[in-house]
Amino acid sequence: MLFSMKKIIATVFIVIACLSAGLICFKVVRARRQKAVQAQRKTAYREAMRPFQRDLSLAMARADVEDYLLRRKVQYGPSEGGSYFVQIGEEPGDSLVCDRWSVYVALDFKSATLSKIHIQKIGHCL
């Protein structure tokens, strides 16, 4: 009886160890895959921002930026702070408590002149 109890305990221990190792490997592979996907997204976002950086110069008048966007039929939305946002992508939420995040090329203005061109993600979590 004692011998079979040792076998059962050893078997349970081995099964638990194997399941734990498998779970750790799964998490490592998943994290690597997520990093690779995020790196691809960042590259795509930089590529989407490049024409704005090339064609628009800092200190350019807001009216000239608006003209540029209208001539190229770029859809954009203003914010309360006066920045313009051009949507270039969307990212899935990271968990059950986070919605999808919209990704934009943000055109920031100070005193009616273009001050910064950058990527901005907007979303929310509970």
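The values are calculated or read from the model by the stated rules, or taken from the named source; none is laboratory data. What you see is a predicted model; the values in this text were computed from it and never measured. All Cβ positions, even for glycine, are placed from backbone atoms using ideal geometry, and neighbour counts span all protein chains on display.
Among the residues of segment 49-88, those identified as more than 12 Å from A106 (Cβ to Cβ) and either small (G, A, S) or touching a Ser or Thr at 6+ places or on another chain (Cβ under 8 Å) (or both) are S57, L58, A59, M60, A61, R62, A63. Say whether the condition of being over 24 Å from the mean Cα position of the chain (by Cα), surrounded by fewer than 10 Cβ atoms within 10 Å (Cβ to Cβ) and not hydrophobic (A, V, I, L, M, F, W, C) is met by at least one residue in segment 50-62. No, the conditions are met nowhere in segment 50-62. Within segment 89-126, being touching an Asp or Glu at 6+ places or on another chain (Cβ under 9 Å), among the hydrophobic types (A, V, I, L, M, F, W, C) and at pLDDT 85 or above holds for W101, V103, L114, I117.
Among the residues of segment 75-124, the ones that are of a type in the set (D, E, K, R) and more than 10 Å from the chain's Cα centre (by Cα) come to 5 in all. From the list I88, I14, I9, I24, the one residue that fits, being in contact with a helix residue (DSSP H, G or I) (Cβ under 6 Å, 6 or more places away or on another chain) and either touching a residue at least 12 places away in the same chain (Cβ under 8 Å) or surrounded by 10 or more Cβ atoms within 10 Å (Cβ to Cβ) (or both), is I88.
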